[in-house]
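Notes follow the structure.
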């Protein structure tokens, strides 16, 4: 056998190993999609896919709220066409929780998003569907207020009953201020 055949055979074997490893990793991550995690920087405990710090989104939010916010933390991940995000904002002054929820709703105004809204003293949840490019999507969000602190957690996903259940589990798992530091 000449050396070219040996080299190409090794390359093919290596590529097959990489493909099999990636498929196995994706399968394992699909089995264990939700995990409980504490994000100390955002003073929140949540069950979700592993959330990552979103520094670009955080920088943009800091720039837009530079006169209004003391601290901002943004985390998120995009898994299987589903977005999971958590925002923490410590405002310099008091803020209106309803206005925060309405700002989120306005992001979907061109998609005819009219969510069901549930309100309590310091919490608002939103659940609703919208259509984009002839596909049905849904969004679930929760907004929490404690003093000048705002927590916003949301998920946007292609609508299905399974995805809806995962979204509700994500929203229902939120425990704000788990370390009593906010």
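For residue 65 and residue 120, a Förster radius of 35 Å and the Cβ-Cβ distance give a FRET efficiency of 0.90, rounded to the nearest 0.05. For the range 46-78 versus the range 100-133, the inter-centroid distance based on Cα atoms is 20 Å.
Over 26 Å, how big is the tail of the calculated P(r) for the range 35-176, in percent of all Cα pairs? Please list the in-between numbers first.
Values: 1978 of 10011 pairs.
Of all Cα-Cα distances in the range 35-176, 20 percent exceed 26 Å.
The overall shape of the range 115-182 is prolate: from the C-alpha gyration tensor, with semi-axes ordered a ≥ b ≥ c, the ratio a/c is 1.5 or greater and a/b exceeds b/c.
Tell me, what is the FRET efficiency for residue 55 and residue 107 to the nearest 0.05, using R0 = 25 angstrom and their Cβ-Cβ distance as r?
Values: r = 21 Å, r/R0 = 0.83.
Computed FRET efficiency for residue 55 and residue 107: 0.75.
Computed from label points 7 Å out along Cα-Cβ, the spacing between residue 80 and residue 164 is 1.7 nm. When the P(r) is computed for the range 67-111, the part past 15 Å accounts for 62% of the Cα-Cα pairs.
No lab work stands behind these numbers, since they all come straight from the coordinates. Values in this document were obtained by computation on a predicted structure and should not be read as measured data. Methodologically, a virtual Cβ is constructed for each residue, glycine included, from the backbone with ideal geometry; neighbour enumeration extends over all protein chains shown.
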